[in-house]
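S.K.: First, the structure itself, so that you have it in front of you.
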Amino acid sequence: MPDWREILEGDGPAAWRAAYRLVGNRADADECFQEACLAAVEVSRREDVRSWRALLVRLATARAVDRLRARARARRRASAGGREAAGSWDSLPDPSPPPEDVAEEHELAESLRDALGRIPARQAEAFCLHGLEGLGYRDVARRMGVSVGLVGVLIHRARARLRALLAAYHTPPSHAPSVLPSAGKEPS
């Protein structure tokens, strides 16, 4: 039986940070981490776990990407209805006005989070593990259970989709398309 206290103390912080980098707030990161821990318990009942850190980070990343996708769907539903969703916590302003550079960083991070929610899940996961967690292609391949070549393809496609989505977000209003590009049916 695994020593959960030791696992969570040693490997938990990396998984929580992975979720936090994606979702951008503590409450959502806590929920993603908790869901990842529960999923890890289920995995450990079915099979031996070679790397708890890899498992927890991968599960937390997947839960965070799911949460980003849900946010994107909620935003699309709210904008389709022509009004803000009632009770949307995301629409509440930050009580303390940040300096200009912090505001710009926040805007870019939010655009990236939204864009990550619009690309195929495997592409988002590979991009996050490599680009945000700093893992090499081999480590990403090991964590995702795919070949190193496929990791390269997933990251390449993710970068291309993110570049297009982020360009659409930051196009001046007079040139902005009426609808942002959707995730489409591109293979993940």
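S.K.: Expected output is a single nm value to one decimal: the length gained when fully extending between residue 133 and residue 3, i.e. 0.36 nm times separation in residues minus the C-alpha distance. What is it?
M.R.: Length difference between fully extended and current span is 44.3 nm.
S.K.: Another question, if that's okay. Using label points projected 7 Å from each Cα along Cα→Cβ, tell me how many nm separate residue 34 and residue 48, to one decimal.
M.R.: 3.3
S.K.: If you don't mind, another one. For residue 165, what charge total do you get from the other residues with a beta carbon under 10 Å from its beta carbon, if Lys and Arg give +1 and Asp and Glu give -1?
M.R.: Summing Lys and Arg as +1 and Asp and Glu as -1 gives +2.
S.K.: Does region 107-154 classify as rounded, prolate or oblate by the C-alpha gyration tensor (a ≥ b ≥ c root eigenvalues; a/c under 1.5 gives rounded; else a/b over b/c gives prolate, otherwise oblate)?
M.R.: Prolate.
S.K.: Report the charge-dipole magnitude of region 99-174 in Debye, nearest 20, computed about the Cα centre from +1 at each Lys and Arg Cβ and -1 at each Asp and Glu Cβ.
M.R.: 720
S.K.: Now for a separate question. In nanometres, what is the gap between the two model label sites at residue 163 and residue 66, each 7 Å from Cα along Cα-to-Cβ?
M.R.: Here the modelled spin labels are 3.2 nm apart.
S.K.: At a Förster radius of 35 Å, what calculated FRET efficiency corresponds to the Cβ-Cβ distance of residue 26 and residue 146, to the nearest 0.05?
M.R.: Result of the calculation: an efficiency of 0.65.
Computed from the coordinates by the stated procedures, all read-outs in this text should not be read as laboratory data. Computed from a predicted model, the values in this text were never measured in an experiment. Cβ atoms come from the backbone with ideal geometry, glycine included; neighbour counts cover every protein chain shown.
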